[in-house]
Amino acid sequence: MATNKFEEIKSVIESKFEDSILGFDIKGGRIMLKVNARASHEVLSLLKDLGFDHLSDVTGIDYIRDGEFEIVYHLWSHARKIRAMLKVRISREAPILKSIADLWPGAQIHERENYELLGIDFEGNPDLSPLFLENWEEIPPLRKDFDTREFVKRKYHDDK
């Protein structure tokens, strides 16, 4: 039997998703887990079943040199008093990941923000309409290949 609450959770996840786990660490009172994109929704569903009832944030990171985005899910278990962070990498060329709004309805707004600012499409999200950038016609502004200076120059300083 597992020696503590962290090892117990690790054991359950590894037994069900051994082939999908790319990394698993327990550090600073937090479970840090990396999984492949195909299994991310199922692993997150299991984490919810294990008591991670609060989704704090969904963060997108652009690793342009690697040609990938990393999506980081920050979870909290009120019952166990444990934080979990699940990381998933997807291609910049086809940045699509299954939505988790069916698991945590509050994920909808986080996914919508990542869609708008990074261009990550969350398949199944019921509303990916703009939050901040109405009528935006450029590449998403938080992508590393978005040139802020060029945009400002073209938008506000070019003589027309």
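The values are calculated or read from the model by the stated rules, or taken from the named source; none is laboratory data. Nothing here was measured: the structure is a model prediction, and the numbers come from that model. Because the Cβ atoms are built from the backbone with ideal geometry, glycine has one as well, and the counts that use them run over all protein chains shown.
Only residues that are surrounded by 15 or more Cβ atoms within 10 Å (Cβ to Cβ), farther than 21 Å from ALA94 by Cα and in contact with a helix residue (DSSP H, G or I) (Cβ under 8 Å, 6 or more places away or on another chain) were counted across the stretch 13-50, and they come to 11.
Of all the listed residues (LEU50, LEU97, LEU44, LEU103), the sole one being aliphatic (A, V, I, L, M) and more than 15 Å from GLU123 (Cβ to Cβ) is LEU50. Tell me which residues, restricted to the stretch 116-160, are part of a helix (DSSP H, G or I) and either modelled with pLDDT of 95 or more or among the β-branched types (Val, Ile, Thr) (or both). The answer is GLU116, LEU117, LEU118, THR148, VAL152. Within the stretch 52-78, residues that are closer than 11 Å to LYS144 by Cβ reach partners that are in a helix (DSSP H, G or I) and modelled with pLDDT of 95 or more with beta carbons closer than 9 Å, at six or more positions or on different chains, in the pairs ILE61/LEU118; ASP62/LEU118; PHE69/ASN114; PHE69/LEU118.
Filtering the stretch 108-133 to residues that are farther than 18 Å from ARG89 by Cα and either surrounded by fewer than 18 Cβ atoms within 10 Å (Cβ to Cβ) or among the aliphatic types (A, V, I, L, M) (or both) leaves ILE109, GLY124, PRO126, ASP127, LEU128, SER129, PRO130, LEU131, PHE132, LEU133. In the stretch 51-103, the residue that is nearest to LEU33 (Cα to Cα) out of those that are surrounded by 15 or more Cβ atoms within 10 Å (Cβ to Cβ) and among the basic types (Lys, Arg) is LYS87. Being crowded, with 19+ Cβ neighbours inside 10 Å, touching a residue at least 60 places away in the same chain (Cβ under 8 Å) and either among the acidic types (Asp, Glu) or over 30 Å from GLU8 (Cβ atoms) (or both) is not true of ASP145.
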